[in-house]
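Below is one structure; the comments refer to it alone.
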Amino acid sequence: MIAYLLKRLAIALATLILASIVVFAVLEILPGDPARLMLGMNASADQIELLRDQMGLNAPLIWRYLHWAGGLLSLDFGRSYTYSVPVIDLVRERLAVSLPLALIALALSTVIAIPVGLFSASRRGRAGDTISMGAAQLGVAVPNFWFALMLIYVFAVWLRLVPAGGFPGWSAGIWPALKSLLLPAVALALPQAAILARVTRSALIEVLNEDYIRTARAKGLPYRTVLWRHALRNAMIPVLTILGLQFAFLLAGTIIIENVFYLPGLGRLVFQAITQRDLIVVESVVMLLVAAVIAVNLLVDFSYAAVDPRLRSRS
Amino acid sequence: MTLHIDIPEETLGGILAKAFRNTAFLTGFVISVLILLMAATSYVWTPYDVTKLVIADKTQGPSLAHWFGTDHFGRDILSMVMVGARNSIAVALVAVGIGMGVGVPLGAFAAARGGLVDEALMRINDLVFAFPALLSAIMITAIFGPGAVNAIIAIGIFNIPVFARVARAGALAIWPREFILAARAAGKSSTQITIEHVLPNIATLLLVQGTIQFALGILAEAGLSYLGLGAQPPMPSWGRMLFDAQTRMVAAPWMAIFPGMAIVVTVLGLNLLGDGIADILDPKSRRQR
Amino acid sequence: MSLLEIENLSLTIGDTPILRGVELSVAPGEVMGLVGESGSGKSMTALTVMRLLPHAARAAGRVTFDGIDILAATEDQMCALRGDDIGMVFQEPMTALNPVKTIGEQVAEGIRWHTRATRADAEQRARRMLDRVGLPEAKFPLSRYPHELSGGQRQRVVIAIACALKPKLLIADEPTTALDVVLQAQILDLLRDLVAESRMGLLLISHDLAVVTEMSDRITILRHGEVMESGDTARTLSEQLHPYTRQLALASMHVPARARPHGAESSQPLLQVEGVTRDYAGRRVSLFRRAPDIRAVDDVSLSMAPGQSVALVGRSGCGKSTLARMILALDRPSSGTIRFRGETITGKSEPELKPARRDMQVVFQDPYGSFDPRQKVEKLVAEPLHVLEKKPTRAERREMVAHALHEVGLGQGDMDKYPHEFSGGQRQRLSIARAIITRPKLVVADEPVSALDVSIRAQILDLFAELNHKLGIAYLFITHDLTVARAITDEVLVMHEGRIVERGKTSEVLDHPQSEAAKALVAAAPDLHRAIARRMQEQG
């Protein structure tokens, strides 16, 4: 088991390092000189050269990469050109919006999807199954930002239950803050829940066809007990895989959804930073999101070992 | 994880007969054909010219003259939805082409070679998977500027590891079969075996994944053009139309409803088509009935 | 008074009739053997008694167990019966256990469910049961997972689950088909003892007439969902009143007529294997350490003359298939050399191997898996022509395929069909046609008849014998089935744990085995003659 975990950890670290090289390289070849951008069109060549020196832009590539990567490790992401504050402060502030949003959405999606999948699989082919899977089929097809617009129309414009957008900040109190995250979270979660419900159902149905389910039934256990005790745990592996992938989708989804709801989150930050050519911010946020995806996938790998004894005893 | 592939043993006639009895397939097929026809028609005819702004007709609700209403420049929404379909389909289709064209050979090669080559290719796959499509699209757009082509590249790159994984998993399930051993005993090289035996047997798997990625591509393209990173005006696109609709939700909800419905119907059709194909060709799913 | 009474049972799945008017009974403490070829409805009969049929199945007639009307019982009543009064053992031990639960949990689960015992009590009983089926605590604690056990050991766990509560009736559906002969004998002994100990009724389902004869007091012979004959085992099989019974018995003991072996002693050997060893790298234990290498084939030497038919027999996992693959140049030896027609083939590249490939071909076990379902017979059978120096034209190719098909008893018209349009036996003929199309000098056949029903098996053995005579092809038969070896080979090599432990004339080795491994194989091999004789003797 240790060997398995170490191997996954090593792979995750290698992926992280490669990813950082990719991010750094991509943004290195970006057109546009950040020094010129900061000083404006009227700056003289000397002024620009001076600033380039100060920003370390004239140093050799490898040195700049190592400096940047070292900074990432010590949480020193540099200063934003446009906001003129340390990037880490910006990130911390924005993360307070994006992280709760993604986590609420993930929780919501799981809480909806797993029971629906179980329900559907246990009454395969009957009306309940057909209806819930029809709904899931529809849910998969709905773009989350359009769904968000429709939610705004119904719940904010029409019923006036929640604000249509914006974020009051956590200082305004937990409830108002949560309230303004509610619609975005639902908009993010439902399409993902639809996918997860379908995966859960098909994984369960596959497992229910296995020989050991028949063995369990031959022991005299009722169908429902077999479903809970024998089928569910075996069906968890594909479900976990999808959960890991969904986290990446949710992160990416926040970029759009935060724009729909005018939420001051990471996604909106990175989107604005690109239009403003605020390189350091783009680099840092992209790196942070990629690291999050890699970390979650590592977590999924570890949880396989918890679910499946065959992985545990590889050693 | 290993993949089990049941190879259906049927004639084309039998498959067609089954297709006509499969509601998911039929519905999906009809929807997909209709959307394609709509996009094709838009090249020769649309109810109104989508490039002409008629300010006098701006933000009108659905009527006989304008079935889906008009936008804030007085353009006919139905016409724009028709033209927008071109863009969505083109972007998603080319992106699937890129994904399949690069991913399938990579995956099949990795499975045939095994060992270090396999390991290396899969690690590169992991790397690409670490960049959610939208994120890499944003990076690509940041370098080259927004536009439909860059949207295609971004979505296409994300499709590559998807197809590589599916092709590899499928090929790994085929390789241990005895008929492969028989081909090896007949002196065939691994390339010949891949082309003659492996690819034909994973074709349906790839076809199903293709429809799924097609549908996902439509969604991704809509998202990118909603953010202004996809097709640029005046070329209408479904995502852009939704962006324009957002600030006018109260006054002109139809501006948001119809383009959104177009996306939902298209994606639904493609997903049903994929489900239908999988259903028809996979004997395992039939056994579950 | 019968324990289980099946009267006029009919079963349909969808529109397909599976069983028609089946009658069968099992008395307490009696062993009833249910025999039939594939598709005869044996397993469906068992699943009907358990009421574990597929959803689309509809049963009519009467099934009474211990006074309970099974077909009319509620699901709750059935749950109370299953695992408590009726236990069941399945064919495939590798997939019959839940991979994520320990064997202790899986055995104790049924005990807890039916007796409402505490966890500790149930585990104690599970422990005793596992001890009883031959899995002692020292080596097999309750915390073991199924993947840590071999096939035979897993089948013992399944038996422990089925017998944990001393059921009145045990149903065993092909319990040993997936195991090799030695394991088969052990599992059958275990079943026999368990049944005798607690006077269980046993419904033993098998395709193997010899196994059923050895085990059962009475037998029922099923064909196409109908009972052909049933009655006392010894009498039924010695009198063979029903033509189908006679056909089955004859096919089970069939030995093809063979001309004198070809092998001319003077000529140069066709195949020489010298000191061949194959190691597989051990599993990685940690980042820096691997488990020791696994030696699948250990310093094996053998030689075969042209036209000779040799059997390579041994238990599953003894390395015989690995050896066969190296002979076919599909796998490389770690050391040693293999010479074919005097030329060394070890270490050669694929293009260099082409001439050798022309002269050696292969027939696999599974008639379903050995053909690409996407290609037509013409292309499949013609595949080995790839190694010919001169590529045949399309017309020549069709001609050659037609000829090969004719030689194996198939028609020219079969060329344009897909493999799925053929039955298992016909597919094995296709397999042979593919193997002989290049006129090879050696055919390696890996368990070529073990997936076939007995009557088909007899025909395929005849075909092998005929081709050996007609074309002078040498055979290397890889098999765990001694009847096959006896039927068709001149010489036999016995393999055990990677080594060849005994060799000699087939009849000599099989009648007077010298090595422990050979003795074990011979003793465990089911033999219909012997089984009938023993039954007759017991009854006087």
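The values are calculated or read from the model by the stated rules, or taken from the named source; none is laboratory data. Remember, predicted model here, so these are calculated numbers, not experimental data. Neighbour counts run over all protein chains shown; Cβ positions are idealised from the backbone, glycine included. Remember, those area values only see protein heavy atoms, side chains included, never the ligands or the DNA or RNA. Shrake-Rupley method; radii C 1.70, N 1.55, O 1.52, S 1.80 Å.
Using the heavy atoms of the protein chains alone and a 1.4 angstrom probe, what is the accessible area of chain C per residue in square angstrom?
Working: 22260 Å² over 540 residues.
On a per-residue basis, chain C sits at 41 Å².
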Cα Rg, Dmax, chain C, angstrom units = 25.4, 76
At the nearest 100 Å², what buried accessible area, both sides summed, do you get for B and A when the probe is 1.4 Å?
-> 4000 Å²
Using a 1.4 angstrom probe and counting only protein chains, how large is the accessible area of A:Val300 in Å², to 10?
-> 20 Å²
Could you please put B:Tyr43, C:Tyr280 in sequence from largest to smallest accessible area, using a 1.4 Å probe?
-> B:Tyr43, C:Tyr280
The stretch C:15-45 and the stretch B:239-284 have their Cα centres apart by a whole-number Å value of 54 Å
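Carbon and sulfur atoms: what percent of the 1.4 Å accessible area of the stretch A:89-312 do they account for? Mind showing how you got there, number by number?
Details: 5760 of 8390 Å².
Ligands and nucleic acids excluded, carbon and sulfur reach 69 percent.
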A student applying the Cα gyration tensor rule (rounded when a/c is under 1.5; otherwise prolate if a/b is larger than b/c, oblate if not) would label the stretch A:209-290 prolate
How large is the dipole of the stretch C:4-252 about the Cα centre if only Lys and Arg carry +1 and Asp and Glu carry -1, each at its Cβ, rounded to the nearest 20 debye?
-> 560 debye
With a Förster distance of 41 angstrom and the Cβ-Cβ distance between C:Ser335 and B:Gln192, calculated FRET efficiency to the nearest 0.05 equals 0.85
Please work out, to two decimal places, the log10 of the ratio I(q)/I(0) at q = 0.12 Å⁻¹ from a Debye calculation in which every Cα of the stretch B:1-130 carries one identical scatterer.
-> -0.80
Residue-count net charge about C:Ile327 - beta-carbon cut-off 13 Å; Lys, Arg +1, Asp, Glu -1 | +4
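Per residue, how much accessible surface does the stretch A:89-312 expose to a 1.4 Å probe? Answer in Å², no decimals. Can you show the working numbers first?
Values: 8390 Å² over 224 residues.
For the stretch A:89-312, the per-residue accessible area is 37 Å².
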Once both labels are modelled 7 Å past Cα along the beta-carbon direction, what's the C:Val255-A:Arg224 spacing in nm?
-> 6.3 nm
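Could you work out the local net charge near C:Ser238, counting Lys and Arg as +1, Asp and Glu as -1, over the other residues with Cβ closer than 10 Å to its Cβ? It would help to have the intermediate numbers written out before the result.
Details: positive: C:Arg235, C:Arg535; negative: C:Asp232, C:Glu239.
Summing Lys/Arg as +1 and Asp/Glu as -1 gives 0.
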Top to bottom by accessible area (1.4 Å), largest first, where do B:Leu205, C:Leu430 land?
-> B:Leu205, C:Leu430
Exposed loop trypsin sites (Lys or Arg not before Pro) only (DSSP loop, at most 14 other Cβ atoms within 10 Å): please give the longest stretch of chain A free of them, not including the sites.
-> A:161-315
Please determine, in degrees from 0 to 90 and to the nearest 10, the orientation of helix C:424-436 with respect to the longest principal axis defined by the Cα atoms of chain C, where the helix direction is its Cα long axis.
-> 20 degrees
What is the helix-to-structure angle for A:266-275, meaning the angle in degrees between its Cα long axis and the longest Cα principal axis of chain A, kept from 0 to 90 and rounded to the nearest 10?
-> 40 degrees
Along the charge dipole of the stretch A:40-198, which of A:Gly71, A:Gly165, A:Phe155 sits closest to the positive end, that is, farthest toward it, with unit charges on the beta carbon of Lys, Arg, Asp and Glu (+1, +1, -1, -1)?
-> A:Phe155
Residue-normalised 222 nm signal for chain A, counting each DSSP H run of n ≥ 4 as -39,500 (n - 2.57), nearest 500 deg cm²/dmol, is -25000 deg cm²/dmol
Add -39500 (n - 2.57) for each DSSP H run of 4 or more in chain C, then divide by its residues: what number comes out at 222 nm, to the nearest 500 deg cm²/dmol?
-> -11000 deg cm²/dmol
Cα gyration tensor of the stretch C:377-419 - equivalent ellipsoid semi-axes, whole Å, descending = 18, 10, 9
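Around C:Gly33, under 13 Å between beta carbons, what's the net of Lys plus Arg minus Asp minus Glu among the other residues?
On the way: positive: C:Lys42, C:Arg192, C:Arg218, C:Arg535; negative: C:Glu30, C:Asp173, C:Glu174, C:Asp208, C:Glu214, C:Asp217, C:Glu229, C:Asp232.
Charge balance in the 13 Å sphere: -4.
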Dipole-positive endmost among C:Leu461, C:Gln514, C:His496 within the stretch C:394-540 (Cβ charges, Cα centre) | C:Leu461
Alpha-carbon centroid distance for the pair the stretch B:79-151 / the stretch C:320-391, whole angstrom = 40 Å
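With N denoting the number of residues in the stretch C:4-252, provide Rg(C-alpha) divided by 2.2 N^0.38 Å, to two decimal places. Display every interim value, and only then the final one.
Numbers: Rg = 18.0 Å, N = 249, 2.2 N^0.38 = 17.9 Å.
Rg over 2.2 N^0.38 Å, computed on Cα atoms: 1.01.
Sequence gap at least 6, Cα distance under 8 Å: using those rules, report the relative contact order of the stretch B:33-147 to the nearest whole percent.
It rounds to 18 percent for the stretch B:33-147.
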Report the normalised scattering of the protein assembly as shown as log10 I(q)/I(0) at q = 0.09, 0.10 Å⁻¹, calculated by the Debye formula with identical scatterers on the alpha carbons.
-> -1.20, -1.36
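Out of all Cα-Cα pairs in chain B, roughly what percent, to the nearest whole number, are more than 32 Å apart?
Working: 15237 of 41616 pairs.
Of all Cα-Cα pairs in chain B, 37 percent lie more than 32 Å apart.
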Where only C-alpha atoms are counted, convex hull volume of the stretch A:89-312 per residue in Å³ | 144 Å³
Chain A: angle of helix A:279-307 to the longest principal axis, Cα-based, in degrees nearest 10 = 20 degrees
Do the sum for chain B: with -39,500 (n - 2.57) for every DSSP H run of n ≥ 4, divided by all residues, what is the mean residue ellipticity at 222 nm, to the nearest 500 deg cm²/dmol?
-> -24000 deg cm²/dmol
Over the Cα atoms of the stretch C:131-176, what Rg and Dmax result, in angstrom?
-> 11.2, 31
Relative contact order for chain C: what is it in percent, counting Cα pairs under 8 Å that are at least 6 residues apart?
-> 15 percent
Principal axes of the stretch B:62-181: Cα extent on each, largest first, Å | 66, 37, 16
Which FRET efficiency value, to the nearest 0.05, is calculated for A:Leu73 and B:Thr51 with the Förster distance at 60 angstrom and r the Cβ-Cβ distance?
-> 0.70
For chain A, what's the relative contact order in percent, using C-alpha pairs closer than 8 Å and at least 6 residues apart?
-> 28 percent
Rounded to whole Å and sorted largest first, what semi-axes of the equivalent ellipsoid does the C-alpha gyration tensor of the stretch C:321-370 yield via the square root of 5 times each eigenvalue?
-> 20, 13, 9
Once Lys and Arg get +1 and Asp and Glu get -1 on their Cβ, which of C:Ala523, C:Leu442, C:Gly425 lies farthest toward the positive end of the dipole of the stretch C:421-529?
-> C:Leu442
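Please compute the average number of Cβ atoms from other chains found within 10 Å of each residue's Cβ in peptide A:135-144.
Numbers: counts 0, 0, 7, 4, 2, 8, 13, 6, 15, 2.
Taking the mean over all residues of the peptide, I get 6.
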So, in Å, what gap is there between the alpha-carbon centers of the stretch C:413-466 and the stretch A:1-28?
-> 52 Å
With all pairs of different alpha carbon atoms counted, what Kirkwood hydrodynamic radius in Å does the stretch C:421-540 show?
-> 16.0 Å
Whole-Hz ³J(HN,Hα) from phi, Karplus 6.51 cos²θ - 1.76 cosθ + 1.60, for the stretch B:14-22, glycine and proline x = x, 5, 4, 4, 5, 4, 6, 9, 9
Those trypsin sites (Lys or Arg not before Pro) in the stretch C:113-153 that DSSP places in a loop and that have at most 12 other beta carbons within 10 Å | C:Arg116, C:Lys139
